[in-house]
Every structure is written in structure tokens, then in C-alpha cells.
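Below you'll find the structure, written out as C-alpha cells, and then a few comments.
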Amino acid sequence: MSDQPPPTGPSSSPADQPPPPGPLDPPPGSGPPPYDAQPGHPAQPPHVGMTPYPGQPLYPGQPTYGWHHPAGYGLDPADALVTPPGVGLGGWFARCVGAARRGWRQLLPILVLTQVLPAAVLSVLALAVDPSARWDSQLTSDSAALPANFWTDLATLLFVLVGGSLLLGLMQSVGWAAGTWLITRQAVGEQVGSAAALRYGMRRALGLWGWTLLVTLIVVFGFCLCFLPGVYAVFALALAGPVYLFERHDPLSRSHRMLRDRPGLLLGRVALVGAAVVGLSLVASLIESLAILPFGATPLDSPGTTVGVVLTIAAVAVLTLPAYLAQQVGLVVTYAEQRAHEGPVNANQLAAELG
């Protein structure tokens with residue numbers, strides 16, 4: 001033990017005086033470093049039951065990014081029109097059947113007035129101006145020369161077919177718009193009738209008709225190039241009508257984008273609808289061809305056969321009602337399902353979008 005005073009200088013520090021701050025120490029008053037930044041401690045684990053995104057921890061109450069969950073998060077599984085993601089073909093089919101059951105009493109008059117009746121009238125007009133029977137008789141006597149009035153008869157036939165098809169397309173647009181409005185309104189529980197639906201259809205028909213003509217030209221051009229481009233155009237533009245009615249713009253590229261985003265889902269739904277429409281239409285066409293054979297090659301030459309063939313065509317045209325109903329319901333439900341894969345949506349929102 002020494003009686004010398006303790007040494008003084010830089011190496012001495014009293015016990016009650018903290019050491020001076022180092023260059024990497026936090027400033028005074030800032031508190032201790034975070035738990036996972038303290039030496040000798042591991043990083044803080046995420047909260048129990050929560051899985052962090054890569055590079056981002058989750059904290060209680062922090063919302064997750066995105067909306068889609070396998071169980072259809074943000075959607076109503078009991079929605080009468082919108083099929084939530086993950087439900088599958090069974091859910092889509094159940095909603096198609098439900099829409100048909102709810103609205104068939106109101107949809108059938110709409111389809112008869114805008115689809116069946118105009119198509120039957122066009123068939124009768126085409127039969128009236130069809131010169132094939134007269135051409136056959138003239139070619140039998142002189143097969144080397146064109147039949148008399150060949151070009152005039154051909155121009156008349158083309159005028160009736162093209163002009164009648166354009167008017168038929170306009171009437172069909174009224175029906176498609178009216179049926180879409182009716183199906184959507186009924187899905188939210190509203191009691192709507194055919195008359196109100198037809199009034200809505202007439203307001204929206206002109207624009208829908210224009211886009212339908214453009215779709216038809218694209219599809220025909222695709223089939224002229226080769227069979228496969230035409231088939232692709234049918235699937236790619238199948239939802240152009242519903243897109244226009246609900247969104248009011250950009251129906252062609254929107255419908256094509258839906259096919260690119262979910263090709264398997266949309267191809268399957270549209271293929272089922274197309275198979276029902278084509279199959280039922282072919283059966284009705286075959287029945288009509290066989291039913292008018294007993295009336296002869298020129299059935300409109302006498303009043304008796306005229307009445308018979310007109311009634312036959314009208315009766316067979318009714319057989320196409322299931323095809324029109326399947327197309328109307330199937331495409332609307334398919335469009336609603338596609339929207340559900342893009343974000344949260346329900347029948348109330350879709351009904352509001354229609355106006």
C-alpha cells in the first residue's frame with residue numbers, strides 16, 4: 001500500500017463518471033439499441049401465426065399486400081352471380097343454372113322477340129328469294145350457259161341475306177343487352193320484368209351492335225386466313241359483349257387480355273357454352289331442313305304450302321331457344337367469374353356498373 005496519490009491523466013477515470021462516447025455509439029438520450037441489434041442476441045422472430053414476406057417483417061394489424069386468397073378472400077361465396085376463385089367448374093355451372101331458373105320466365109319472351117322471331121323471318125325471306133330451284137331447271141336444259149337473270153337473282157339473294165343479317169344483329173343486340181341487365185338485376189334480388197329489360201336493351205343496343213359487327217368481321221377474316229385463327233378469335237373475343245356492357249370501353253383488348261391471363265379457365269367455360277350453342281343449333285337446322293322437304297323445291301308458289309312452310313320454320317325456330325338461353329347466361333356468368341379473378345367484385349357492383 002502506497003501513500004502516493006493516484007495518478008492523473010487520460011488513463012484514469014473515476015468510477016462514477018461514464019466513459020466518453022465512441023464514434024459508433026448512439027447519441028445520448030436516444031435509448032438502447034433495438035433488441036435484434038444488441039450484441040449477443042439473435043434477430044427478433046416474427047410474430048406467432050404470421051409469415052413475413054421476403055424482406056419485410058409483419059406486425060400485428062399490418063395489412064397484407066394483394067387481395068387474392070385461395071378461399072376467395074374479399075368475395076361472397078354465396079353470391080348468386082360471381083363465382084369466387086377456387087370454387088371451380090361446379091360453382092360456375094351452379095350459378096348458370098341458378099340464373100336460368102330465376103329468369104327464364106322473363107328471358108324467354110326477350111329471346112323470342114329479339115332472337116327467334118327475327119331469325120325465322122330471315123329464313124322465310126331467304127327461302128322466298130332463293131333462285132336455286134329455277135337455276136337447276138335451267139341448267140338441266142343448257143348446262144353451258146348461265147341461268148337467265150343470274151346476276152340479278154344473285155344480287156337480290158345477297159342483299160336479303162346481308163341486309164337481313166345486319167338487322168338481325170341489331171335485334172339480337174337489344175336482346176343480349178336486355179338479358180344481361182335482367183340476369184344481373186335478378187342476382188341482387190330485384191324484381192324486374194321483360195319490358196324494363198327491353199327498354200334498357202334498346203338504350204345500349206346500338207353501341208353493342210357496332211362492336212358485334214367488328215367482332216364478326218375479325219372472326220370471318222380469321223376463318224378466311226385459316227381455320228385456327230378464326231377459332232382463336234372466337235375464344236379471344238367471346239366476352240367482348242359483356243365487357244362493353246359493364247365497362248363501356250375497350251371491349252376487344254379487354255376480352256383478349258382475359259384469355260391471356262387465364263387461358264385454361266376461359267377456354268373451358270367458353271368451350272362448354274359454344275358446344276351447347278352449336279350442338280343445339282345444328283339439331284334445329286337439321287330438323288328444319290327435313291321438315292320443309294315435303295313442301296317441295298318452291299314451297300312459296302302456292303298459298304297452302306306457303307302457310308305450311310312458314311309455320312314449320314316458326315315451330316322449328318322455337319327449338320333454338322335453349323341455345324340462345326345457354327349463350328346468354330353462360331357468357332354473363334363467365335365474365336363475372338373473370339372479374340372475380342382480377343379483384344373483389346360482387347353482383348351489386350356489377351349491377352351498378354350496368355346502370
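Please count how many residues of segment 259-270 are surrounded by 13 or more Cβ atoms within 10 Å (Cβ to Cβ) and either farther than 23 Å from residue 182 by Cβ or in contact with a Lys or Arg (Cβ under 8 Å, 6 or more places away or on another chain) (or both).
Qualifying residue count for the region: 6.
Of all residues in segment 131-156, how many are out of contact with any helix residue (DSSP H, G or I) (no Cβ under 8 Å at 6 or more places or on another chain), assigned to a helix (DSSP H, G or I) and hydrophobic (A, V, I, L, M, F, W, C)?
Within segment 131-156, residues that are out of contact with any helix residue (DSSP H, G or I) (no Cβ under 8 Å at 6 or more places or on another chain), assigned to a helix (DSSP H, G or I) and hydrophobic (A, V, I, L, M, F, W, C) number 5.
Select the helices (runs of 4 or more DSSP H) contained entirely in segment 222-334, then report the ones holding at least 1 residues which are closer than 23 Å to residue 96 by Cβ and of a type in the set (D, E, K, R).
Of the helices (runs of 4 or more DSSP H) lying wholly inside segment 222-334, those with at least 1 residues that are closer than 23 Å to residue 96 by Cβ and of a type in the set (D, E, K, R) span 240-247, 251-261, 263-291.
Identify, from the list 191, 186, the residue that is more than 20 Å from residue 277 (Cα to Cα) and outside any helix (DSSP H, G or I).
Going through 191, 186 in turn, the sole match is 191.
Across segment 157-190, which residue is surrounded by the most Cβ atoms within 10 Å (Cβ to Cβ) among those that are aromatic (Phe, Trp, Tyr) and in contact with a helix residue (DSSP H, G or I) (Cβ under 8 Å, 6 or more places away or on another chain)?
176
Cβ-Cβ distance below 7 Å, separation of 6 or more or different chains: which pairs start in segment 82-109 with a residue that is touching a residue at least 24 places away in the same chain (Cβ under 8 Å) and end on one that is of a type in the set (Phe, Trp, Tyr) and assigned to a helix (DSSP H, G or I)?
Pairs that qualify, where the first residue is touching a residue at least 24 places away in the same chain (Cβ under 8 Å) and the partner is of a type in the set (Phe, Trp, Tyr) and assigned to a helix (DSSP H, G or I), are 83/92.
Restricting to segment 72-120, count the residues that are in a loop (DSSP other than H, G, I, E, B) and of a type in the set (D, E, K, R).
Number satisfying all stated conditions: 2.
Would you pick out the residues in segment 111-136 that are surrounded by fewer than 19 Cβ atoms within 10 Å (Cβ to Cβ) and farther than 14 Å from residue 316 by Cβ?
113, 125, 126, 128, 129, 130, 131, 132, 133, 134, 135, 136
List pairs: first in segment 160-179 and under 21 Å from residue 128 (Cα atoms) and without any contact (Cβ under 8 Å) to a residue 60 or more places away in the chain, second hydroxyl-bearing (Ser, Thr, Tyr) and buried (at least 17 other Cβ atoms within 10 Å of the Cβ), Cβ under 8 Å, 6+ apart or cross-chain?
Close Cβ pairs satisfying both conditions: 169/212.
Only the coordinates and a few stated rules stand behind these numbers; no lab work does. Since the model is a prediction, treat every value here as computed from it, not as a measurement. Please note: Cβ atoms are built from the backbone with ideal geometry, for glycine as well, and neighbour counts cover all protein chains shown.
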